[in-house]
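**Student:** One structure, pasted below without further comment.
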Amino acid sequence: GTLRRPRRGSIMSARASTLAARPRPSAPRARPRRRADVVAAVGYRISSTRDRRFVPTRSPSSPRGPPSSPSPSRSSPSSGRSRDPLLRAAAAVPDDDAPSPSTSPSTLGSAGAVTYVERAVTPREAWRRMWTRADRYHVHGISGAAFTLLGGGVLAAWAKRDLGAVGLIDDHGASANAVRDALEAHGGGPEFWGLASLSLALAGVCALSGTPLGTKRGWRKVELSARSTLFQLVLTWQALRLGPGGECLAALDDRAWALALAPFAWQCVTSAYIIAFTDDDKRSAMLVLVGTWLFGAQVFPAASVIASAGGVDALVATRPGLVTVWTHSLLGLVWLLNWSTLGASMRARRVIDDEGYRALFLLRPSAAWIALFALDVYTYRPFASIWEYFATAGGAQL
């Protein structure tokens, strides 16, 4: 008849069995965690533009001495690899309105003041982000890498030939003789044209195989892939039409102006939309818009000559060096377009930032293309002066 007090061990064992029966957050039957719950549990957010980590620093108002660091626990995000699934999940939760590094320091519990510290993307992480399984048999990646290397090598060989022809490289007059023979043969075939044609074919495979990949990343990616593909196909057609054996592509001569205007207008409208209605980097968008007009300075004169009856033959007869200059320039534009598209993809996958995209994929490659064009014009002398270049609309008026 007396009531016995239960032993402590039996209570703990019953509580342990009850807790073990509860579903864990990572269990399939557990209620899915919302991003707000994860952020509230962790206490900070990860930026959507760069990978950042919280590192405790000494507060300005704290006394001198080493900064206080939180003890490793399940609720401390700076304690290495935590066992709490909420902390591990927070690292994968993107957030677009996270504070920037220039904001004032925030506090995290009793850990003191903390600040953002940039963490560079490692080569292994960059490779995993770019080498995607969505690329079937990796056709897009392999063809793009092959074109970048082969096309870049051909452009470098052309630049070396020009430097030798003007005397900046001593090759015992071989380059000067080759340029003179090409001009006397009314242009002839550009040097390494077989490799250049193969590189253009690889660029076409890269563009066409990359268009379906954008369907899984939203309409902005689809639009970028389709626009780049159209621009590249127009540039490739013009280069092959002006090169040796281009008569087989003369069926599209009547549509030369339409083919040239379509991607140009498309790019201008897209750039205006990005500048006016999106949160994308405005300086990068403006540089792309300026680059579009540089494309037009080459595409429109070529379209004018191709569209006119017998225009290509008349160009070869009157300005033989201009054919070589245009074919070099068009291959350079295809290479520049593919390179800038690669940079846009790397920026979207957070491999590079906006500053790196502008410097490495827009400004420096564009400067290299302008330098190659000026070197070609100086070597092959299709114009008597700079004034003649502008007076003839870049060679459009024969």
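**Student:** Which of the peptides 221-228, 126-133 is most tightly packed, and how do the rest follow, going by the mean number of other Cβ atoms within 10 Å of each residue?
**Tutor:** Peptide ranking by packing, descending: 221-228, 126-133.
**Student:** Another one. Once the Cβ-Cβ distance between Glu388 and Asp313 is put in as r, and R0 is 25 Å, what FRET efficiency do you end up with, to the nearest 0.05?
**Tutor:** 0.75
**Student:** Any chance you could list P(r) for the range 160-271, counting all Cα-Cα pairs in 5 angstrom bins from zero, rounded to whole %?
**Tutor:** 2, 10, 14, 14, 16, 13, 11, 9, 6, 3, 1, 0
**Student:** Now for a different question. Which length gain, in nm to one decimal place, applies between Ala258 and Arg364 when the Cα-Cα distance is subtracted from 0.36 nm times their residue separation?
**Tutor:** 35.1 nm is the gain from fully extending Ala258 to Arg364.
**Student:** Same structure, new question: Quick one: how many Å² of Arg180 are accessible to a 1.4 Å probe, rounded to 10?
**Tutor:** 110
**Student:** For the range 139-192, what is the accessible area per residue in Å², given a 1.4 Å probe and the full set of protein chains?
**Tutor:** Values: 2780 Å² over 54 residues.
For the range 139-192, the solvent-accessible area averages 52 Å² per residue.
**Student:** Over the heavy atoms of Cys206, what accessible area does a 1.4 Å probe trace out, to the nearest 10 Å²?
**Tutor:** Probe radius 1.4 Å; accessible area of Cys206 about 10 Å².
**Student:** HN-Hα J couplings of the range 288-299 from phi, Karplus 6.51/-1.76/1.60, θ = phi - 60°, integer Hz, Gly and Pro as x?
**Tutor:** The phi angles translate into 5, 5, 5, x, 4, 5, 5, 4, x, 5, 9, 6 Hz.
**Student:** Label-point separation (nm) for Val222 and Asn177, each offset 7 Å from Cα along Cα-to-Cβ?
**Tutor:** 5.8
**Student:** Let me ask another. Pop a pseudo-label 7 angstrom from the Cα along the beta-carbon direction at both Met286 and Trp127 and give the gap in nm to one decimal.
**Tutor:** 3.9
**Student:** What distance in nm lies between label points placed 7 Å from Cα along the C-beta direction at Thr215 and Ala265?
**Tutor:** Going by the 7 Å Cα→Cβ label model, 2.8 nm.
**Student:** Output wanted: per-residue J couplings in Hz (rounded whole) for the range 273-283, from phi through Karplus 6.51 cos²θ - 1.76 cosθ + 1.60, θ = phi - 60°, x for Gly and Pro.
**Tutor:** So the J values, rounded to whole Hz, are 5, 5, 5, 8, 10, 10, 9, 5, 5, 6, 5.
**Student:** In whole percent, how big is the carbon plus sulfur part of the accessible area of the range 205-251, probe 1.4 Å, protein atoms only? Intermediate values should be presented prior to the final figure.
**Tutor:** Details: 1500 of 2140 Å².
After summing per-atom areas, the C and S share lands at 70 percent.
**Student:** Tell me, in nm to one decimal, what length is gained between Ala251 and Leu149 on full extension, where the rule is 0.36 nm per residue of separation less the Cα-Cα distance?
**Tutor:** Values: separation 102, 0.36 × 102 = 36.72 nm, distance 3.14 nm.
Here the answer is 33.6 nm.
**Student:** I would also like to ask the following. Quote the FRET efficiency, to the nearest 0.05, computed for Val166 versus Ala396 with a Förster distance R0 of 22 Å and r equal to the Cβ-Cβ distance.
**Tutor:** Working: r = 26 Å, r/R0 = 1.19.
Working from the Cβ atoms, E equals 0.25.
The values are calculated or read from the model by the stated rules, or taken from the named source; none is laboratory data. Note that the coordinates shown come from a computational prediction; the quantities given were computed from them, not determined experimentally. Cβ: placed from backbone, ideal geometry, glycine included. Neighbour counts: every protein chain shown. For accessibility, only protein heavy atoms count, side chains too; no ligands or nucleic acids. Shrake-Rupley method; radii C 1.70, N 1.55, O 1.52, S 1.80 Å.
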